[in-house]
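Below is one structure, written out as structure tokens; comments come after it.
The values are calculated or read from the model by the stated rules, or taken from the named source; none is laboratory data. Nothing here was measured: the structure is a model prediction, and the numbers come from that model. Don't worry about glycine lacking a Cβ; one is built from the backbone with ideal geometry, like all the others, and counts go over all protein chains shown. Quick note on the areas: whole protein, heavy atoms, side chains included, nothing else; ligands and nucleic acids left out. Shrake-Rupley method; radii C 1.70, N 1.55, O 1.52, S 1.80 Å.
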Amino acid sequence: PQGSDANPGTRNAPKATLSAALGATPSGGTVILQSGVYRQSAGRIARAVTIQAAPHEQVWLDGRDVIEGFVASGGAWVRNGFNDGLCHNCYNPAATGADPAAGLPDMVFLDGAARRQVVSRGEVVPGTFYVDVNNQRLWLGDNPTGRSVEATQREQALSFAAPGSTLRGVGVIGYGAHPNPDVPAMVVTMATKTVLEHNVFAFSASRGLSVFGTNATVRWNQFIDNGLTGLHAFTADNLVVAGNTVTGSNYAGFDLRAQAVLEAAGMKITKSRSVTITDNIVQANEGNGIWFDVSCIDMTVVRNRVAGNQMSGIFLEVSTDGVVASNSSVGNGNNGVLISGPTNVAVWQNTLAGNAGAQLSVAEDPRSNTNQSQRQQGLTFDTTSVAVHNNVLIGTTGGPSAVFNTLDANPSSKRVDWTTMVASLDRNAYGFVGSRPVGRLVRSSGSPQVATSFAQLRTMSGREPKGIDAGQSGLTNPGRGDYTVRRAGPADVDGLPLTSRVAAAMGIPSGTVLRLGASNVP
């Protein structure tokens, strides 16, 4: 950052801006960023490059500037002549719910701590700020004297448009991206074969990273406190997402029920084929944890730890061909795993426990795809051929949802029986701590059958000949967040041999026999 763009760009005579360095870098070349904060944007990058931090040095691309010149006024502090240049109407107001500021791109930090945005001068109190766009004023509810105030001044860090580019070891923070598609994230890749590894994506006003190109690799990154979604992908065929940590998504507080923005999640992947999500930690996001939606084909979700998300931990919706295996999905605000609208999904070898809704819910989506070409690919949106084996399903809170739940979500006439949706069900362990139904079996006519014990579930379903009644002692210490299977407990038994499909997804030989539940979870 202390360089000069007049320099040649060597280590001893570096340039000052990423844009200038990129302008001097040939296709296939590398830009090395030395330690420091780069308060700048690089824009669209039209040739293949690698952008990376120098070894052992910490680099930040920062969408914020330090703002000075505040004066006291009426119990608050104001900076006159403030113009952040951001788009203040690039979102649908219907998506903001109870917080009218959720869609706004402005962010202000006092000594590195985020302040909460309000939408009028009268609401400004300590801990808040207000941007008066018409009068070009920034109001702050805390005394900034002797302190550092940073405010967002840029929409986007960079966008890769050429195949084979890499971003490595770089922190990206504080850009004012918005939900509209023109500037959807702080970092965007439109190109194929992009690699994004060992980066941090933090405090985007909307999404941290958007992937629109094929054959991308996203690994070993941290996605922290992004406004809407941590990782977003669309038409991202052959995407690999591995070893990332995703937390605090939907920090801005978008309405989870709003049709205008159904993307609040740690990860949201849509209309993509052959996506692999493995070995990630996805926790404490205000929305779903890992969410596939809208015609995804061939989804692999393996060995992830998904915990404490506000909605469902893992959600597969109106898609086809999926393997959900060896995941730990625990303590989420709704379902541990929700299957709604997909066909041909294998749910094997997971530990689903302590979720406030069902541990596993298989639902018929009210939509039915009328596109015959898509239906031939399995995208019927009618839930069928779900296989459920070797899972540990233990509810640890009270509530109406069953441990294993099936649902026909059609609002009027019910059209499916649970046996239509669930093709096979065996060798799963069921239990609960407290009072909760074990199973809820929806029928195409009449009321659902509710089983209050494992024995009743076995009788009603005609399934689970090798299933396990784990009672209230299947987990090690759920009261303290230890959802591992208790050694020598009722659920500590061998499962069925893995099918070739599930074993391939887990990277182990077909026919392997494992103990029930998740294994090798980070």
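Overview of results
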| quantity | calculated |
| --- | --- |
| Unpartnered cysteines - no second Cys beta carbon under 4.7 Å - across the chain | Cys296 |
| Sulfur and carbon atoms: percent of accessible area, the stretch 300-459 [1.4 Å] | 49 |
| DSSP-loop chymotrypsin sites (Phe, Trp or Tyr not before Pro) across the stretch 432-522, with at most 15 other Cβ within 10 angstrom | none |
| Cα convex hull of the stretch 410-522, projected area averaged across orientations, nm² | 9.1 |
| Relative contact order (%) - the stretch 80-205, alpha-carbon pairs under 8 angstrom, separation at least six | 24 |
| Cα gyration tensor category, rounded, prolate or oblate, for the stretch 441-486 with a/c compared to 1.5 | prolate |
| Anisotropy class of the stretch 207-349 from Cα gyration tensor, a/c 1.5 cut | rounded |
| Between the stretch 203-220 and the stretch 88-134, the alpha-carbon center distance in angstrom | 25 |
| DSSP beta bridges in the stretch 405-500 [antiparallel fraction, %, rounded to 5] | 55 |
| Expected-Rg normalisation [2.2 N^0.38 Å, Cα atoms] applied to the stretch 227-268 | 1.25 |
| Principal axis dimensions, largest first and in whole angstrom, of the stretch 41-87 by Cα | 52, 29, 13 |
| Antiparallel %, DSSP beta bridges [both residues in the stretch 1-79], to 5 | 25 |
| Accessible solvent surface per residue of the chain, calculated while the other protein chains remain in place, 1.4 angstrom probe, Å² | 38 |
| Label point distance in nm, Val66-Val125, each placed 7 Å from Cα along Cα→Cβ | 3.2 |
| Fraction of beta bridges assigned by DSSP in the chain that are antiparallel (%, nearest 5) | 15 |
| For the stretch 112-228, fraction of C-alpha pairs farther apart than 23 Å, in % | 38 |
| Accessible carbon and sulfur surface of the stretch 1-134 relative to its total accessible area, %, 1.4 Å | 49 |
| Cut-off under 5 Å, modelled amide H: who pairs with Gly63 long-range | Ile173, Gly174, Tyr175 |
| In Hz, Karplus ³J(HN,Hα) per residue of the stretch 25-39 (6.51, -1.76, 1.60; θ = phi - 60°; x = Gly, Pro) | 9, x, 4, x, x, 10, 9, 9, 9, 7, 3, x, 10, 10, 8 |
| Positive-pole candidate from Ser274, Val188, Ala161, dipole of the chain, charges at beta carbon | Ser274 |
| For the chain: rounded, prolate or oblate by the Cα gyration tensor [a/c cutoff 1.5] | prolate |
| In Hz, Karplus ³J(HN,Hα) per residue of the stretch 113-128 (6.51, -1.76, 1.60; θ = phi - 60°; x = Gly, Pro) | 9, 5, 9, 8, 7, 10, 10, 8, 4, x, 8, 6, 9, x, x, 10 |
| Phi-based couplings in Hz for the stretch 501-514 (Karplus 6.51, -1.76, 1.60; Gly and Pro marked x) | 5, 5, 4, 4, 5, 8, x, 10, x, 4, x, 4, 10, 10 |
